[in-house]
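The values are calculated or read from the model by the stated rules, or taken from the named source; none is laboratory data. As the structure is a computational prediction, the values presented were derived from the model and not from experiment. Every residue, glycine among them, receives a Cβ derived from its backbone with ideal geometry; neighbour counts consider all protein chains shown.
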Amino acid sequence: MLISHKIQLSPNNKQATYFAKAAGVARFAYNWGLEKWKEQYNKHKENKANPMPSQLSLRRHLNSIKKEQFPWMLEVTKNAPQMALIYLGKSFNNFFRGTAKYPKFHKKGIHDSFSLTNDQFAINNSKIRIPHIGWVNMRESLRFFGKIMSATITRVADKWFVSVTVEIQENPHLQKAKNQGAVGVDLGVSNLATLSTGEYIPGVKSHKLLLTKLRRLSRSLSRKQKGSNNRNKARIKIAKLHFRIKNLRLDCLHKLTTRLTSCFHTIGIEDLNVKGMLKNHKLARAIADMGFYEFRRQLEYKANWRGGVVVIADRFFHSRKLCSGCDHKVEKMPLSIRKWSCDNCKSNHDRDINAAINLKNYAVSSTVKACGEESSGFDSRIKVKLSSVKQESNTKLACI
Ligand SMILES: [Zn+2]
């Protein structure tokens, strides 16, 4: 399993200048490659005897001309242009697979970064050695043990970070969950989550809190003259605020997913159609703030580490419309209804807690059935969809 750890760097002035230069070379190589790719593709379209572009052929081409045409590239690590072209190839692969848009030219100051392969750097406690500039201090040491695969150095606001990718063993032998029981988690908009235990977990809603500040800064940015020093300062302020919002949100999600996976063995959640929900603009900001995708991703890999199971209910499982007491289904359950009572068994329900209990029951019955034991009497038509974390964990990066 690949996992990456992002650590802030403390470079001196000379090192920070080098980072900016290497990121500039990477950006240039990427844009150069994209231009060439388009040219070669057009030639190929005209005459099929001309080869299709590929990142490998672009890398060879650049290597053969860089000494003469772009000698300044030699001032930084050779990885900077090479890896940029490898990423360009990946971008095109994603585009052909239909999972990404057509690659765009990179702009200066937006996602400035460059990458290093594992033979080009070394890590020793809280230091990283980088070609040409030697040891750079890191704010903390690497948290994972395993084979170090690569490192990407990125500028966020006015700070530099390194993201080190490590291949760790499939199960890092974390303690099993304290409670080998199950919990259902209902994700919501007003609360980040409601548990089947009756507990509400409020979200950070970091955007909402900091939105006014962000708006004020954006307005002030638009008043500043392009290319001026003041505009650059305002841009950095905004980037810092975005960074803070993102950290607040991630922190909140990590705490919740760590708690859930260390407390419960089986966790039932909904298969949210986030894309469909994001089209609803009123809810969109609240949902994006809550980071549902990120929640599910973290839950899956953390449960996997502890030998736990995440059960994702079928999209058509009506967790909100079923009575958790008697399985009676109500026809309608508009968002405005927070409390209701069942016509059949007369029990009173809190909308979210009832949904969470249903998800817990679903998870328990699914895992029981998956183990080949007797059905617990729960609706046998429900399809079992166990978390696909095992297949995904090899290809996805888990970021802690
Ligand atoms: Zn009922």
Check: Just checking, how many residues over segment 135-146 are touching a residue at least 24 places away in the same chain (Cβ under 8 Å) and in a strand (DSSP E or B)?
Finding: 3
Next item on the list: Mind listing whichever residues of segment 330-365 are over 19 Å from Glu199 (Cα atoms), within 13 Å of the ligand (Cβ to nearest atom) and either assigned to a helix (DSSP H, G or I) or touching a His at 6+ places or on another chain (Cβ under 6 Å) (or both)?
Entry: Cys342, Asn344
Next item on the list: Using the structure shown, decide if Leu88 is more than 21 Å from Thr154 (Cβ to Cβ) and either modelled with pLDDT under 95 or not charged (D, E, K, R) (or both).
Entry: no
Notebook entry, point to check: Out of (1) at pLDDT 85 or above; (2) in contact with a helix residue (DSSP H, G or I) (Cβ under 6 Å, 6 or more places away or on another chain); (3) over 27 Å from Lys176 (Cβ atoms), what's the single condition that is false for Ile287?
Noted result: (1)
Check: All but one of (1) within 30 Å of Ile168 (Cβ to Cβ); (2) at pLDDT 85 or above hold for Tyr200; which doesn't?
Finding: (1)
Check: Within segment 122-129, is there a residue that is over 25 Å from the mean Cα position of the chain (by Cα) and buried (at least 20 other Cβ atoms within 10 Å of the Cβ)?
Finding: no
Check: Which members of segment 315-329 meet the condition of being assigned to a loop (DSSP other than H, G, I, E, B), under 18 Å from Thr194 (Cα atoms) and either in contact with a helix residue (DSSP H, G or I) (Cβ under 8 Å, 6 or more places away or on another chain) or modelled with pLDDT under 90 (or both)?
Finding: Phe317, His318, Ser319, Arg320, Cys323, Ser324
